[in-house]
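The values are calculated or read from the model by the stated rules, or taken from the named source; none is laboratory data. These numbers were taken from a predicted model, which means no experiment stands behind them. Every residue, glycine among them, receives a Cβ derived from its backbone with ideal geometry; neighbour counts consider all protein chains shown. Note: accessible area is taken over every heavy atom of the protein model, side chains too, but ligands, DNA and RNA are not part of it. Shrake-Rupley method; radii C 1.70, N 1.55, O 1.52, S 1.80 Å.
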Amino acid sequence: MDWFGGSYKDFDFEMFSISHWMIIAILLAGSTAIFVNRRKFFDNNKWRKVEIGAAVSLILIELTYHFWMYINGDWDVSHAIPLELCSISLILTVLLLLTRKKIIYEILLFTALLGASQAIFTPALNFDFPHFRFFHFFYTHLMDIWVVFYFTWVKGYRPTIWSVVKLFVFLNVLMPIIMWINKLVGGNYMYLSHKPKTASLLDVLGPYPYYILSLEGLLISLSLIVWLIFREKGNGNTKKIKELPIR
């Protein structure tokens, strides 16, 4: 049961190792497959079952992750509550798969592409293949990105400039709540209490708490770039996919 244990002695993760490059290759291959086959995927009844199944799989693997932390003595309110940006993206991914609500897509588009993609290319991970944590980490982050691409290229969802505004409002409503929880549990969710001890992008964004404002400015700038890439192109020639009713 070492693959489900709490020690990474025999599973020490190395960035840009063979296993890491394989994950990056899977990300690119899966994303390409969704785009190339986007028309073939448009069968509402068939793929609705796949959407529900994907949501259930994410719920199960996340519950297993919390069970893994608990039995290995690592579960603590200071770091195990799903309040990190990637954990929030995972919750949004499940909700989007279950409800198909566009407002969820509008927020997830940015949190997944800006957060989950960074996590895949520069993972804060100790456990390498074939440990459970390796599979949990990459499966959840890959799904965050693939679900966004699926709803963009297959279902025809697109962000507007107001989507960036919604993201900004969402995060700024969430921020004081998380800061309050951080004080209660002695946590540092979303790095709102202090910078990480290891070197990071936050080191060049100023001291606490000013780096939080700098980070917001950076987030808005990157979100505008994402919007420019994925927005509906107004050339009048694009045939928009019509959403079929959920049955």
Across the range 106-195, what fraction of all alpha-carbon pairs, as a whole percent, falls in each successive 10 Å bin from zero upward? 15, 33, 37, 15, 1
Ignoring ligands, DNA and RNA, what percent of the accessible area of the range 9-58 is carbon or sulfur (1.4 Å)? 67 percent
Any idea how far apart ILE18 and ILE161 come out in nm if each label point goes 7 Å out from Cα toward Cβ? 5.1 nm
Which trypsin sites (Lys or Arg not before Pro) in the range 87-128 sit in a loop by DSSP (not H, G, I, E or B) and have at most 16 other Cβ atoms within 10 Å of their own Cβ? ARG100, LYS101
In vacuo Debye sum over C-alpha of the chain, base-10 log of normalised intensity I(q)/I(0) at q = 0.11, 0.13, 0.15 Å⁻¹, listed in q order, is -0.65, -0.91, -1.21
Past the 23 Å Cα-Cα mark, which pairs from LYS166/LYS197; LYS166/LYS195; LYS101/LYS195; LYS49/LYS233; LYS40/LYS155; LYS166/LYS233? LYS166/LYS197; LYS166/LYS195; LYS101/LYS195; LYS49/LYS233
Helix 102-111 sits at what angle to the longest principal axis of the chain, using alpha carbons and giving 0 to 90 degrees rounded to 10? 50 degrees
Take the Cα pairs of the range 177-216, get the Kirkwood Rh, then feed it into Stokes-Einstein at 37 °C and 0.692 mPa s and tell me D in µm²/s. 314 µm²/s
Between the Cα axis of helix 132-149 and the main Cα principal axis of the chain, the angle (0 to 90°, nearest 10) is 30 degrees
Rounded to 10°, Cα long-axis angle of helix 161-185 versus longest principal axis of the chain: 20 degrees
On a 1.4 Å probe surface of the protein chains, which of THR32, THR93 comes out largest in accessible area, and what is the full order? THR32, THR93
Show ILE24, ILE59, ILE81 ordered by accessible area, largest first, where the area counts protein heavy atoms only and the probe is 1.4 Å. ILE59, ILE81, ILE24
Add +1 for every Lys or Arg and -1 for every Asp or Glu among the other residues with Cβ under 12 Å from the Cβ of SER7, and state the total. -2
